[in-house]
Every structure is written in structure tokens, then in C-alpha cells.
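Comments concern the structure below.
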Amino acid sequence: MTDLTRGLPQYLADKHQLADGESFTFTCHPGVPCFNNCCADVNIVLTPLDVLQLARHTGLHTQVFLDTYTSNPITKDLQLPMVMLKMLDDDKKRCPFVGEQGCTVYRNRPWACRMYPLGMALPPARAGVEPEPIFFVFEDDHCKGRHQDEAVDWTAAKWRADQHLVERDEIEIGFRDLVSHPWFIGGRQLDPKRMHMLYTACYNLDTFREFVFESTFLERFELDEDLIEDIKTNDIALLKFAFLWLRFALFKEPTVKVREGAAERSVQ
Ligand code: SF4
Ligand code: SF4
């Protein structure tokens with residue numbers, strides 16, 4: 001197995017890296033002795049689709065959802081905005097969505113909750129190389145899922161299919177293209193204005209929709225009528241368009257067409 005672990009985030013550095021096709025044993029259901037133990041005091045990074053689905057689940061505008069349920073840790077070497085699910089301020093630091101019977105947003109639970117006990121990392125961007133994800137198994141003591149008699153063998157591929165991660169990742173493939181973009185090679189960082197642009201378009205989709213339809217955006221960019229109708233009413237279509245537009249706005253790729261004579265301006 002190639003050693004791809006150099007440069008990994010700290011939380012994955014000492015985890016067991018799965019070889020291609022290697023299996024792991026696991027089960028999780030309300031009968032396990034640790035049921036709900038993992039839904040407290042945990043770092044959950046939200047993806048753009050997580051934020052969108054949880055905002056829709058809670059019936060909140062994406063801005064209100066972000067303000068209420070998320071935090072944005074800042075570190076000096078941060079290359080991209082990070083959106084974390086904020087735990088409650090109680091003695092156990094429980095997830096705001098955990099209930100007696102388990103996850104109350106199960107249908108829309110975040111990517112990281114679906115992945116557990118797997119972790120995933122993308123190797124650093126390299127020009128001309130499509131990054132292949134690598135998978136890890138968390139073997140946390142508090143999680144008894146791998147020691148149950150009824151636990152079954154999974155490969156990363158089988159687990160991801162079972163948790164509907166494959167179709168979710170297809171929706172977010174444009175996000176993966178952004179975060180692993182060759183522009184970031186060598187540790188380059190976006191300036192605060194571009195960071196904000198990326199944050200808004202990826203995570204605050206209702207505000208991005210307002211920007212598209214209530215500013216001069218459509219006078220400045222030439223979009224097909226069908227696409228305009230689609231992004232007006234379909235969240236997933238808008239999210240995919242946001243990923244595409246960001247490649248133009250951040251990296252000057254010709255992913256959207258500027259109208260002739262239109263001045264190039266950016267989301268504020
Ligand atoms: S979102 Fe659901 S599965 Fe994820 S930590 Fe919260 S309660 Fe648990
Ligand atoms: S700790 Fe592990 S087995 Fe227990 S509820 Fe959480 S994921 Fe399931």
C-alpha cells in the first residue's frame with residue numbers, strides 16, 4: 001500500500017489505513033450498549049450538502065441555520081472555510097440533534113455521521129492528478145460496534161453504498177474539485193474576500209440564490225434559460241452551479257460565460 005499518510009490531518013494520522021478492498025467489522029443499532037454515546041462532544045465538519053439538508057430539515061434559512069448551529073474555527077494555515085456542527089452547551093456537550101431514540105435528523109444526517117467508523121482524506125493537490133480518496137477506520141474505545149456478535153464485514157465501498165454516501169459525493173463532486181484545486185498547491189491561501197465568497201456560495205445557499213436573482217448577476221453572466229429555471233427552484237442544481245461559478249470567480253476558469261461588455265464583479 002502506498003504511504004499517503006504524510007500531510008494528513010492530525011485526527012487521521014494514527015488511524016488504521018484501509019488497503020484497497022480490505023474489510024472491517026461493524027454494526028450500529030439502538031441495541032448496542034454504547035447507543036448515542038458518540039453523539040456528544042464530537043467534531044463534525046459539515047459539507048455544503050450537509051448544511052443545505054439540515055437547513056431544509058429544520059425549516060431555517062441557511063444563514064439562520066449557520067448562525068444557530070455552526071461555528072467556524074480559524075487557524076493561521078486554514079486554506080478553506082471550515083463549518084463545524086456546534087455541540088450544545090450542556091455537561092455532556094451533546095449534539096443538538098440527538099434524542100432518546102437516536103438521531104432526530106437521521107434522514108439528513110451529516111456526511112461525517114454516515115461515514116463513521118470510517119474517515120476519509122484526499123491527498124494534497126498535484127497538477128494533472130485526480131486525487132484518489134484514502135480511507136481509515138476509527139477504532140475508538142467508546143464505540144462497541146465492532147465487538148457485537150451480529151457485526152458484519154464491510155469494505156469501504158460497501159459501507160459508503162449502504163450509507164448513501166456515493167450519491168451524495170456525486171452531488172458534491174464539484175466541491176471536491178474546488179477544495180483539491182491545483183491553485184492550492186504549495187499551501188496558497190485565499191484572501192478574506194474570496195474566503196467569504198466561497199463560504200457564501202457553498203454553505204449559505206439561500207443567500208447565494210438571493211445574490212443570483214436579486215443583483216445584477218444575470219446581467220453579467222450568460223446562463224441558459226433552462227439553467228436559470230432550474231437554479232431558481234432546485235437546491236441541488238443551485239449548489240452544483242455554485243461550485244462551477246466559484247471556479248470562475250476564484251481561479252478564473254471559463255466555467256461560466258461573461259456577457260459581452262459586462263464588468264466582472266464578485267459576491268460580497
Ligand atoms: S447529527 Fe445525528 S448522528 Fe450526527 S452527531 Fe448529531 S445526533 Fe448523532
Ligand atoms: S458508539 Fe459506535 S456503535 Fe455506539 S452508537 Fe455510536 S457509532 Fe453506533
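Here, each number is a calculation from the coordinates, and none is a lab measurement. Only a predicted model underlies this, so the values are computations on that prediction, with no experimental measurement involved. Every residue, glycine as well, gets a Cβ built from its backbone with ideal geometry; the counts of neighbours run over all protein chains shown.
Taking 7 Å steps out from each Cα toward its Cβ at residue 34 and residue 93 produces label points 1.7 nm apart. Between the Cα long axis of helix 48-58 and the first principal axis of the chain there is an angle of about 80°, rounded to the nearest 10.
Scaling the Cα radius of gyration of region 190-258 by the globular reference 2.2 N^0.38 Å produces a ratio of 1.03.
Under 5 Å from the amide H of residue 258 lie the amide H atoms of 222, each residue being 5 or more positions distant or on a separate chain, with H modelled from the backbone and absent for Pro and chain starts.
Evaluated with a Cβ-only charge set (Lys, Arg +1; Asp, Glu -1), the chain carries a dipole of roughly 600 debye about its Cα centre, given to the nearest 20. Computed about the Cα centre, the dipole magnitude for region 33-143 is approximately 340 debye when only Lys and Arg (+1) and Asp and Glu (-1) carry charge, each at its Cβ. For the Cα trace of the chain, dividing Rg by the Kirkwood Rh returns an Rg/Rh value of 0.98.
Peptides 93-106, 214-227, ordered by how many other C-beta atoms sit within 10 Å of their residues on average, highest first, read 93-106, 214-227. Computed over all pairs of different Cα atoms, the Kirkwood value for the hydrodynamic radius of region 141-268 is 17.1 Å.
Among 243, 157, 197, flag the residue with its Cα farthest along the positive direction of the charge dipole of the chain, charges on Cβ as +1 for Lys/Arg and -1 for Asp/Glu. After comparing all options, I get 197.
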